[in-house]
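Data first, discussion second: the structure below is written as structure tokens.
The values are calculated or read from the model by the stated rules, or taken from the named source; none is laboratory data. If you're wondering where the values come from, they're calculated on a predicted model, not measured in any experiment. Cβ placement follows ideal geometry from the backbone for every residue including glycine, while neighbour counts extend to all protein chains displayed. To get the accessible areas, we keep the full protein, side chains included, count just its heavy atoms, and leave off ligands, DNA and RNA. Shrake-Rupley method; radii C 1.70, N 1.55, O 1.52, S 1.80 Å.
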Amino acid sequence: MSEGSYFVDHKRGEIMELRAHLQNRKLDKDPKAKRDVIKKVIAYMTLGIDVSSLFSQMIMATNTHDLVQKKMVYLYLCTYAASKPDLTLLAVNTLQRDCRDDDPMIRGLALRSLCSLRVANLVEYVMTPIRNGLTDNSAYVRKTAVMGVAKLYSVAPAILKDSDLVDILYNVIKDKDTLVVVNAIHALNEVLADEGGMAVNTKIIHHLLNRLHTFNEWGQMSILELVSRYKPSGPKAKDEIYDIMNLLEDRLRHSNSALVLATAKVFLKLTAKIQHVNREVYKRIKTPLLTLISNPNHAIAYPVVSHVQLLIRKEPSIFADSYKHFFCRYNDPICVKEIKVKCLANLANDNNAQDILSELSEYITDVDVEIARLSIRSIGKIAVECESAMEQAIYHLLTFLDMNQDYIIAETSVCIKMMLRKYPNQYHDVLEKLKNIMRNVEENRGKCAILWILGEYGDKFIEAPYILEQYIDAYDDEESSEVKLEMLSATMKLFFKKAPETQKMLGRLLSSAVNDTTKVDVRDRGVFYYKLLKYDAEKAEKIVNCPKISVNSFINQAENDLTDKIFNEFNTLSVIYKKPSELFITEEPLEGATDSEEEDEEDTDDEEKEDVSKDEVDDVSDDNKDEPTDTQQKPPPPQQGGVDDLLGFGGGGGAAPQEPAAPQMKLKVNPTCTSRVFQKHWKAEKEKVEKMSKQLKSEGDASSFEAMANGANFKTMASAPKGRKMKFYFYAQEVDTDAFHFIEVNINLDSLAVSIQIKGQSDLYHDILQFFVYSMNAILT
């Protein structure tokens, strides 16, 4: 029978035939035939067919001297031991006997199988073989015994902690076989994970470092990870640090990129508090890392360039003279190009900015749109952060406006806006070129930038009111709240600069905004501007047209904090994912992670019950109007000035159109909640739970969902885009009671379906859900 024929999907009725063969005594005299039968049992098991009914017969087959047959039978036992714990006890004697066999291969196989049974009531039978295995003459058996300790920990952690096996593992670190030592390190890190991993001290570190060259590459990495956690102390701490670095110096020249990064991590950690030495470490590790970036294997180059990007953020001046290493090559994958472009923007200074700008301008025509966008943003960043390169950056950006590509025009407009915020007086050449394309911007970010420029500099060129009027005339066709809000702000600013040309269009815009029931935030802004103008036009001008202040830096402090967190996890996946491990490693997955489509089907009956009508919202707001708050003050009487007529509303002294009031909820602006607390309460809460189904108004609104929720004091715990499906977890905290409320949102971009589920710690969970939905009313229906 050929090897492949074992895996043909036969009928399950043949299991009875297999049982008969296994019970056939004559088959014991023909080892090859017996092996073929057991092969077929394993093949069925591999196909997913339940062959657990043969458990008793397979136990009998353990009594053999055929090593291949033993391996297959032990594999079967390990697979079905958990479902047959009582019958598994029958195989323990055979396994224990094999643990004492003269052949080390059989001893190791039996010990591995015994530890892999993972049956709680058999732990007492495993302890003695493991102890014997840890002192066995064979390195293979000792290594198997060490891993058996880790397996035992997963079955009975309390029993293991109470035993002396952990102390024995520390002694195993002195073993003469390197594989045994490495496995002992991994086992200790697993067993002592809740204590921060294996404890390290001077004696252990020096012993391992002295034997470092006898380990294979991956063994050396395990040791270097231990060394990175070691902090020398005492009067000779600096000397010890220098000794360790001198000992590891040659590891930086190794061909294995993982080993180079592990060594770099050790150097950076050891010298973190010695500033002048730390800077020299950056210079020392620069050359090996730049060499690895040029590796033709992109799977190696990408992790390395990701780590270099992190180092550049910390010490850009060290890598500034090597900026040419980050020029994109024709065969670089998109992920590598993206990081290189970002690195170029961070490396720019007075000496190299001209070359970097010229290189980045070449990437505008890249076949990948995202690389082109990123290149434009990088040029804008260089212009803002490097004043000497500002004029050349403006030249490049203005040349991009001649390209008839929507995304290029939009990104360039955003960059020009950033530059004008930094250099408010550099508008002469920019406006002359920019006004020719202001009517042709299609993307929302570009529109917002153009509208901001019209509002700030509309008095500098005569076409501004007429360009702005084109946007206002298309108000009803505009779907983006951001664009509408920017339109309101720009028109208000321009009104005080060019009142005759802007008067009527401002009146039309405010009328449209105040009556816009689909965008709550836009309506609120419109009402605010209307009442502000009606109250006092002169004060309104001071508020809206405040003096321009140069923005010296666009650096987000949160980004710097995130970089520091990731830097502490150097040489881990955190650097690749660009986020700390706490955001992507959890002890167990969050409950309720079902697709939004399935939830939509389950919640169809509840949808009508959970939707809040307009009258109910009004009732809630009316109740809250009577409640005094510390911040409520009686506004002064409006001044008479004919503002209504000026805006083109008609009449005088008429009140602004009344908008529905939002439900009032007192939530903390900066609540604090860890992922562990979130998971604990999310799993535990079964009563204060409610679900609701909604629809997105448009696919583009999904991009602003998280920001709008955060703006309503619902903070993000986690978010995960899954192709055309998005998932968010939010939390909020009441001001009065400190009670938490947790919200899960699933968005299906294909059907625009939005499924919302809340779990609360107080009886206000229903009101919190209504407030959440009302806060998102601008993009939900």
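One table, with the values for the structure above:
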| read-out | value |
| --- | --- |
| Debye, to nearest 20: dipole size of the stretch 268-377, +1 on Lys, Arg Cβ, -1 on Asp, Glu Cβ | 620 debye |
| Percent of alpha-carbon pairs separated by more than 22 Å within the stretch 345-492 | 38 percent |
| Where GluC sites (Glu not before Pro) fall in DSSP loop in the stretch 685-761, at most 13 other Cβ within 10 Å | Glu687 |
| In degrees, nearest ten, helix 444-457 long axis to first principal axis of the chain (Cα) | 40 degrees |
| Cα-based Kirkwood hydrodynamic radius, the stretch 202-251, one decimal, Å | 11.3 Å |
| List His741, His428, ordered by accessible area with a 1.4 Å probe, largest first | His428, His741 |
| Candidate values (i) -0.50, -0.68, -1.38; (ii) -0.35, -0.49, -1.26; (iii) -0.59, -0.78, -1.33, label of the one derived for log10 I(q)/I(0) by the Debye sum over Cα atoms at q = 0.06, 0.07, 0.11 Å⁻¹ | (iii) |
| Size descriptor, Kirkwood hydrodynamic radius, that averages inverse alpha-carbon separations across the stretch 475-564, Å | 14.8 Å |
| Cβ-placed point charges (K, R +1; D, E -1), dipole of the chain about Cα centre in debye, nearest 20 | 4180 debye |
| Descending principal axes extents, the stretch 307-412, alpha-carbon based, whole Å | 39, 32, 18 |
| Rel. contact order, % - alpha carbon contacts under 8 angstrom, at least six apart, the stretch 208-299 | 26 percent |
| Solvent accessible area, Å² - Asp162, 1.4 Å probe, full protein context | 130 Å² |
| Rounded accessible area of Asp175 (nearest 10 Å², 1.4 Å probe) | 20 Å² |
| Charge-dipole axis of the chain as Lys and Arg at +1 and Asp and Glu at -1 on Cβ define it, positive-most pick from Gly148, Ile747, Pro500 | Gly148 |
| Phi to ³J(HN,Hα) by Karplus 6.51 cos²θ - 1.76 cosθ + 1.60 over the stretch 289-295, Hz, x for Gly, Pro | 5, 5, 5, 5, 4, 7, 4 |
| Relative contact order (%) - criterion: Cα under 8 Å, at least six apart; region: the chain | 6 percent |
| Solvent exposure ordering (accessible area, 1.4 Å, most first) of Cys99, Cys415 | Cys99, Cys415 |
| Accessible surface of the chain [probe 1.4 Å, protein heavy atoms]: carbon and sulfur percent | 50 percent |
| Sites excluded, chymotrypsin sites (Phe, Trp or Tyr not before Pro) in DSSP loops with at most 12 other C-beta within 10 Å, longest stretch of the chain | 1-329 |
| Furthest towards positive pole of dipole, Ala709, Ser233, Thr781, structure part the chain, Cβ charges | Ser233 |
| Residue-normalised accessible area of the chain, expressed per residue, 1.4 Å probe, Å² | 50 Å² |
| For Ala739, residues with placed amide H under 5 Å, excluding near neighbours | Glu734 |
| Helix-derived mean residue ellipticity, 222 nm - over the chain, DSSP H n ≥ 4, -39500 (n - 2.57), to 500 | -17500 deg cm²/dmol |
| Trypsin sites (Lys or Arg not before Pro) restricted to the stretch 237-317 and DSSP loop, no more than 16 other C-beta within 10 Å | Lys273 |
| Candidate lysines for bridging to Lys151, where Cα separation is under 29 Å - those fewer than 8 sequence places away on the same chain excluded | Lys39, Lys40, Lys70, Lys71, Lys84, Lys143, Lys161, Lys174, Lys176, Lys203, Lys680, Lys683 |
| Loop-located trypsin sites (Lys or Arg not before Pro) in the stretch 45-154 whose Cβ has at most 12 other Cβ within 10 Å (DSSP) | Arg100 |
| Cut-off under 5 Å, modelled amide H: who pairs with Glu690 long-range | Ile758 |
| Cross-link pairs beyond the 32 Å C-alpha cut-off, checked among Lys579/Lys668; Lys497/Lys668; Lys422/Lys539 | Lys497/Lys668 |
| Per-residue HN-Hα couplings for the stretch 735-740 [Karplus 6.51, -1.76, 1.60; θ = phi - 60°; Hz; x = Gly/Pro] | 6, 6, 10, 6, 6, 8 |
| For the stretch 223-367, alpha-carbon Rg relative to the globular expectation (2.2 N^0.38 Å, N residues) | 1.15 |
| For the stretch 228-234, Karplus couplings with θ = phi - 60° (6.51, -1.76, 1.60), whole Hz, Gly/Pro x | 5, 8, 7, 10, x, 9, x |
